[in-house]
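Step one of this worksheet: look at the structure below.
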Ligand SMILES: Cc1cc2nc3c(=O)[nH]c(=O)nc-3n(C[C@H](O)[C@H](O)[C@H](O)COP(=O)(O)OP(=O)(O)OC[C@H]3O[C@@H](n4cnc5c(N)ncnc54)[C@H](O)[C@@H]3O)c2cc1C
Ligand code: SF4
Ligand code: SF4
């Protein structure tokens, strides 16, 4: 069973102060820490678990600048066999990303291609399913469970309201992986250091035969802080004072 | 890097064990978990199925307090054995999920809680502290992870800054450039990550021209003093610095506190590094501070269970925690304050005070906070 | 002439609320463009849905086919692409939902229509579509321009747009013939799986103490349990807390968990991602505790505390001890 996993390096923003770049088109990233997109981490782990069960090879791909090599190294340390970095400026156009990935995976005998459901940073949630269409493969998105038998994958998709659906998808197929599908394993630093010695293939767009100069589907005009609009009334004071106000509110509201 | 458990016999001198059981006898978690050091030494020595030993959950119950290895009459390296096994497990990725998160957070954000690097010095914002890079000093005040991020322990960091400022000590902190010292990382089994932290921190300290390091946590103190291979910079725990300042007449502890206080020796300060007298000297120089010695004190101090990665591991033990036992011992002495000098002891005791329902009878303080109180003349 | 299409979402015999929100948006955009909008209903035995939808949309296009009984992206895509070829709509709206996420990207590639996903705002500039999207965990909004095209597809974030109410005029129902030639065997729906409730039912609770990834680790759960006990409430959580096994799945609030409407919802260390917020914003009173003053949760909360929870919760717990 040969599996390709498409991954992305993203900045962590949850607790960070955010500033907007001068040109207004993105946030400043020099104060941020970067990591492997959470969803992709689950996808790589799932691929490795499937490999352990059914044998075969796991290949990870990313599109991005030099620095994105570090997430590939992490994937290799997690148990992926080979890594490919496609040199291209990062883009927020999901369709373009899907087209490049399609060009890079086309004609290779993958049984499964996995992506994360979405990226933590811009959250388009588009690449996996678009890639499937470009390759002419069936797909399932938001997958929380995979079982493979007789050239088919039985997968569970997460729906709204705590309900899931069980599907059967013929292989080869593209699946987008939801968090929680497996228990991530610790990736030790020594495994990462060992993985740094493994080769990461670096290719340019021409090398994979990607020549399309079609205009981007989507471009960001500007980013801005959300309008404050209706905002919570912020309770102020020492913790004791704040809790004093809080208990009054809870008392009143809980009836 | 593959680890061969066969080398454990030689590395940790398992073959010289005389099976006297002293190690197990003194172990603070022996009643609370199946961990039995004497048996572990024996079994690791003789087994040809090491992986069955390494699967045992109780390996994560050890607090690395070192009571066992310090008391072993033969010189078996018991704690190093535990850390060796954990290293074997970490390299295979087989660690409890909370330890996994703590280790990954440290690699990514430089602290086991995964709090943002950028926020590491938020606590010091309004204190007028010098930060290396903007200004310089020969003395590095190394704050550490818990004192940087944990709101309870931040009060210790702030107290020390005020005390040093009052005594005219010239110092600077690393601010956002500070990273975990790695002491607990090593004890959770991540030797490679520890080595990286040691290397990076050493290089940073040297580049900044640091001539002396002061730490808040005995755990950082231990790492810098005993486990950083190329540091060669003198390290002091803050209690040692305060004694010097008091003796040199630079700190006037003038306010009567009117409290009875007992002191808990942190394992990494006391039994492992023999800093016993300084904390007591400080307490004795605080006016109106009636110092009572605990029955189990100095070398015999009962581990609070905050070390060895226990701040991040759950489970592996059951029953009443040592922190609670310790709180009850202090209350039995009629002490109104339990003083300590370690962030982890402080946090575990704060928790135990609550769980034991003794909050009315005793408070937990760090020595730095008591000194700060005694300095303040209203 | 070029209409706006709204794809109706329904599952297990019910139209999903998001449909009405999309109709509301569809109408607004249609007025802006001087055109009209239509509800696109695919399914089996969906007459009653069509009647309901006709009270809110000027036109309902219905494709009846037993193979459309349950959602299957391939069959939906085949049906939609033939409807699009026939009617040439300028925009197709779908939910940013399990359905839309499984369908919109592949349909967009097939039709060569640019796609904007997870939109919280949409407008036309001439014939060109512009979208507002919330990115970086809700910390900033991005205005996105889509390339010029004869048609667009957009998926809409649930809970953002006001639903279309029942109108006075009843729209027409147009039955379309199904282009499908039976099932496909590359992707087959088998069944729905519902997780059984074993512990406490968070949808019944009057007070929810809801914890997020910001609590740092499972070691703090007992603290919140005690607080819940004091307040007579129940513990719930965001999704990462379940993914990390700090709490069981049945405690999860959000689109892929439970929708809750307690009297008091206390959100602690929860950033306020829409997948979470849509399922709790109907609570009577929402109180958020978060260290980050910019956390999007403060946009839906009625009261907020900007602080580390460790400064606040222990004090609150002590103070409410006597309430038990
Ligand atoms: C298809 C799909 C379905 C999903 N379904 C759901 C769902 O049903 N429910 C759900 O919740 N999510 C769901 N998600 C995930 C969602 O997108 C978010 O990732 C998630 O809600 C974030 O959870 P969080 O707020 O707990 O964590 P984070 O976004 O990491 O936020 C943590 C917050 O805690 C704050 N914080 C940190 N430390 C402290 C402290 N010491 N004191 C106070 N505050 C602190 C931080 O400032 C931050 O705002 C879904 C995602 C997808 C793609
Ligand atoms: S104390 Fe030392 S010699 Fe005695 S049993 Fe333990 S390891 Fe062996
Ligand atoms: S280090 Fe302490 S806790 Fe660990 S085995 Fe030895 S005595 Fe027990």
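The values are calculated or read from the model by the stated rules, or taken from the named source; none is laboratory data. Source: prediction; values computed, not measured. All Cβ positions, glycine included, derive from the backbone under ideal geometry; neighbour counts span all protein chains shown.
One table, with the values for the structure above:
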{"item": "The range A:45-82, subset free of Cβ contacts under 8 Å to residues at least 40 places away in the same chain and closer than 25 Å to residue B:101 by Cα, residue surrounded by the fewest Cβ atoms within 10 Å (Cβ to Cβ)", "result": "A:52"}
{"item": "Considering residues of the range A:1-30 that are facing chain B (nearest Cβ under 9 Å) and closer than 23 Å to residue A:221 by Cα only, the residue farthest from ligand 3 (Cβ to nearest atom)", "result": "A:17"}
{"item": "Residue in the range B:55-77 that is nearest to ligand 1 (Cβ to nearest atom), counting only those that are more than 14 Å from chain A (Cβ to nearest Cβ) and over 24 Å from residue B:298 (Cα atoms)", "result": "B:57"}
{"item": "Residue in the range B:282-303 that is within 14 Å of chain C (Cβ to nearest Cβ), surrounded by 15 or more Cβ atoms within 10 Å (Cβ to Cβ) and within 16 Å of ligand 3 (Cβ to nearest atom) present", "result": "no"}
{"item": "Residue ranges of helices (runs of 4 or more DSSP H) in the range B:31-117 with at least 2 members within 15 Å of ligand 3 (Cβ to nearest atom)", "result": "B:37-46, B:67-71, B:78-91"}
{"item": "Within the range B:265-378, helices (runs of 4 or more DSSP H) holding 2 or more residues that are out of contact with any strand residue (DSSP E or B) (no Cβ under 7 Å at 6 or more places or on another chain) and under 19 Å from residue B:61 (Cα atoms)", "result": "B:322-332, B:343-355"}
{"item": "Every residue from the range C:62-95 that is over 15 Å from residue C:9 (Cβ atoms) and outside any helix (DSSP H, G or I)", "result": "C:64, C:65, C:88, C:89, C:90, C:91"}
{"item": "Hey, residue A:161 assigned to a helix (DSSP H, G or I), within 25 Å of the chain's Cα centre (by Cα) and within 10 Å of chain C (Cβ to nearest Cβ) or not", "result": "yes"}
{"item": "Failed item in (1) in contact (Cβ under 8 Å) with a residue 60 or more places away in the chain; (2) assigned to a loop (DSSP other than H, G, I, E, B); (3) not assigned by TED's automatic domain parsing to the domain that holds residue C:81, with residue C:189 passing the rest", "result": "(2)"}
{"item": "Answer from B:134, B:80 - the residue that is within 30 Å of residue B:8 (Cα to Cα) and either within 16 Å of ligand 1 (Cβ to nearest atom) or surrounded by fewer than 21 Cβ atoms within 10 Å (Cβ to Cβ) (or both)", "result": "B:80"}
{"item": "Subset tally (residues that are at the interface with chain A (Cβ under 10 Å from one of its Cβ atoms), part of a loop (DSSP other than H, G, I, E, B) and more than 8 Å from ligand 1 (Cβ to nearest atom)) for the range C:225-277", "result": "7"}
{"item": "Any hit, the range A:203-214, residues being within 7 Å of another protein chain (Cβ to nearest Cβ), closer than 30 Å to residue C:128 by Cα and exposed (fewer than 13 other Cβ atoms within 10 Å of the Cβ)", "result": "no"}
{"item": "Count of residues meeting criterion [modelled with pLDDT of 90 or more and assigned to a loop (DSSP other than H, G, I, E, B)] in the range C:301-324", "result": "5"}
{"item": "Residue that is surrounded by fewer than 13 Cβ atoms within 10 Å (Cβ to Cβ) and over 28 Å from the mean Cα position of the chain (by Cα), where the choices are C:204, C:181", "result": "C:181"}
{"item": "Failed item in (1) in contact with a strand residue (DSSP E or B) (Cβ under 8 Å, 6 or more places away or on another chain); (2) assigned to a loop (DSSP other than H, G, I, E, B); (3) within 27 Å of residue C:17 (Cα to Cα); (4) at the interface with chain A (Cβ under 9 Å from one of its Cβ atoms), with residue C:293 passing the rest", "result": "(3)"}
{"item": "Qualifying positions in the range C:308-324 - more than 16 Å from residue A:251 (Cβ to Cβ) and more than 7 Å from chain A (Cβ to nearest Cβ)", "result": "C:308, C:309, C:310, C:313, C:314"}
{"item": "In the range C:107-156, the residues that are at the interface with another protein chain (Cβ under 10 Å from one of its Cβ atoms), touching a residue at least 60 places away in the same chain (Cβ under 8 Å) and not in a strand (DSSP E or B)", "result": "C:137, C:138, C:139"}
{"item": "Some residue of the range C:173-185 being in contact (Cβ under 8 Å) with a residue 40 or more places away in the chain, farther than 30 Å from residue A:171 by Cα and in a helix (DSSP H, G or I)", "result": "no"}
{"item": "Some residue of the range A:83-94 being surrounded by fewer than 24 Cβ atoms within 10 Å (Cβ to Cβ) and within 11 Å of chain C (Cβ to nearest Cβ)", "result": "yes"}
{"item": "Single unsatisfied condition, residue B:40 versus (1) surrounded by fewer than 17 Cβ atoms within 10 Å (Cβ to Cβ); (2) away from chain A (no Cβ under 14 Å)", "result": "(1)"}
{"item": "Hits in the range C:12-28 - residues which are assigned to a strand (DSSP E or B) and under 14 Å from the mean Cα position of the chain (by Cα)", "result": "C:15"}
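Let's see how each residue does on (1) touching a residue at least 40 places away in the same chain (Cβ under 8 Å); (2) surrounded by 19 or more Cβ atoms within 10 Å (Cβ to Cβ):
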{"site": "B:305", "(1), (2)": "yes, yes"}
{"site": "B:310", "(1), (2)": "yes, yes"}
{"site": "B:323", "(1), (2)": "no, yes"}
{"site": "B:326", "(1), (2)": "yes, yes"}
{"site": "B:332", "(1), (2)": "no, no"}
{"site": "B:335", "(1), (2)": "yes, yes"}
{"site": "B:342", "(1), (2)": "yes, yes"}
{"site": "B:347", "(1), (2)": "yes, yes"}
